[in-house]
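Report on one structure; see the data block that follows.
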Amino acid sequence: MRIHRLYPGSFGANCYLLLARDGAAAVVDPSPDADTVLDALRGEDADLSRILLTHGHFDHILSLDTLRDRTGVRAGIHESDLDLPSDARKNAFEAFFRQRRVWRTPEETFRDGDRIAVGSETVTVLHTPGHTAGSVCFLINDGRDLLTGDTLFAESYGRTDLYGGSLSDLRASLGRLATLPPDTVIYPGHGESARLGDALAAIGITR
């Protein structure tokens with residue numbers, strides 16, 4: 001499965017297209033405007049089949065409703081973050097802007113260990129709470145690539161002071177990621193890609 005990064009998205013959030021060999025595609029964290037996402041899909045001659053969310057914060061879902069309206073594709077999120085998009089306090093928009101902005105609730109939920117089909121290929125869900133209660137990472141390509149959302153960045157990790165955040169949960173989640181092969185490449189919600197081992201070492205976690 002090829003990974004096409006759309007950057008910069010709004011608020012510096014990365015959006016990724018997961019491109020299966022049979023032409024199917026998933027959008028992970030639709031932060032850019034919908035036209036940017038749809039143009040990229042057309043450029044790849046890909047058919048959008050899924051919208052996947054690493055968590056429910058506003059900066060990762062800005063074009064979520066527009067994409068759903070224009071494509072009819074359903075969105076999925078971990079069950080513990082299901083209510084975040086539709087609540088301005090929980091999705092952090094209110095905390096940043098003192099205004100209310102909400103999105104429709106995703107149609108689908110997933111849990112740890114779920115395997116999500118994107119055409120002929122598979123995305124495995126790893127529940128990694130801490131940044132939010134329902135934060136997840138998506139493991140693809142037989143474990144060679146990991147989309148980490150705001151759980152882990154190239155040289156840091158996600159904040160835990162917003163709704164549903166927990167430093168103890170995040171530490172446990174990072175410990176779980178440390179059990180994966182260090183050569184796994186991470187694709188974070190903000191910033192550049194990195195080797196998993198290097199990203200963990202940068203925050204003091206070694207196997």
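The numbers here are math on the coordinates, done by the rules we state, and not lab data. What you are looking at is a predicted structure, and each value in this text was computed from that prediction instead of being measured. When we count neighbours, we look across all protein chains shown, and the Cβ atoms used for this are built from the backbone with ideal geometry, even at glycine.
Hey, fewest Cβ within 10 Å first, where do 55, 127, 4 land in order?
4, 127, 55
Based on alpha-carbon centroids, what's the gap between segment 26-60 and segment 150-180 in Å, whole number please?
One Cα centre to the other: 24 Å.
Tell me, 35, 65, 81 in order of fewest to most beta-carbon neighbours within 10 Å? Let's see the in-between values first.
Numbers: 35 11, 65 16, 81 24.
Lowest count first: 35, 65, 81.
Net charge within 13 Å of residue 115 by Cβ-Cβ distance, Lys/Arg positive one each and Asp/Glu negative one each, not counting residue 115 itself?
-2
For segment 102-150, what class follows from the C-alpha gyration tensor (a ≥ b ≥ c being the square roots of its eigenvalues): rounded when a/c is under 1.5, otherwise prolate if a/b is larger than b/c, else oblate?
Oblate shape, in that a/c is at least 1.5 and b/c is the bigger or equal ratio.
What are the extents of the Cα atoms of the chain along their three principal axes, in Å, largest first?
44, 42, 28
Give the percent of DSSP beta bridges with both residues in the chain that are antiparallel, rounded to the nearest 5.
About 65 percent, rounded to the nearest 5.
Can you put 7, 16 in order, fewest other beta carbons within 10 Å first? If you can, show how the numbers build up before the last one.
Values: 7 14, 16 24.
So the residues, fewest neighbours to most, are 7, 16.
Given only helices, namely DSSP H runs of n ≥ 4 each adding -39500 (n - 2.57), what is the per-residue ellipticity at 222 nm of the chain, to the nearest 500 deg cm²/dmol?
-5500 deg cm²/dmol
Under 15 Å from a point placed 7 Å out from the Cα of residue 112 along the Cα-to-Cβ direction: which residues of segment 128-160 have their backbone N that close?
Counting only backbone N, you get 128-139.
Suppose R0 equals 22 Å; then what is the FRET efficiency for residue 120 and residue 185 from their Cβ-Cβ distance, rounded to the nearest 0.05?
Details: r = 22 Å, r/R0 = 0.98.
Given R0 = 22 Å and the Cβ-Cβ separation, E is 0.55.
Around residue 189, what is the net charge, scoring Lys/Arg as +1 and Asp/Glu as -1 over all other residues with Cβ under 12 Å from its Cβ?
-2
Using θ = phi - 60° and the Karplus curve 6.51 cos²θ - 1.76 cosθ + 1.60, what whole-Hz ³J(HN,Hα) does each residue of segment 137-150 get, with Gly and Pro shown as x?
3J(HN,Hα) across segment 137-150, in whole Hz: 10, 10, 9, 9, 6, 6, x, 7, 10, 9, 8, 9, x, 9.
Tell me, what is the FRET efficiency for residue 7 and residue 70 to the nearest 0.05, using R0 = 22 angstrom and their Cβ-Cβ distance as r? It would help to have the intermediate numbers written out before the result.
Values: r = 21 Å, r/R0 = 0.98.
That pair, residue 7 with residue 70, gives E of 0.55.
Between residue 141 and residue 172, what's the calculated FRET efficiency when r is the beta-carbon distance and R0 is 30 Å? Round to 0.05. Display every interim value, and only then the final one.
Values: r = 25 Å, r/R0 = 0.84.
For residue 141 and residue 172, the calculated efficiency is 0.75.
With Cβ to Cβ distances under 15 Å as the rule, what net charge do the other residues near residue 2 carry (K, R +1; D, E -1)?
Neighbourhood net charge equals -4.
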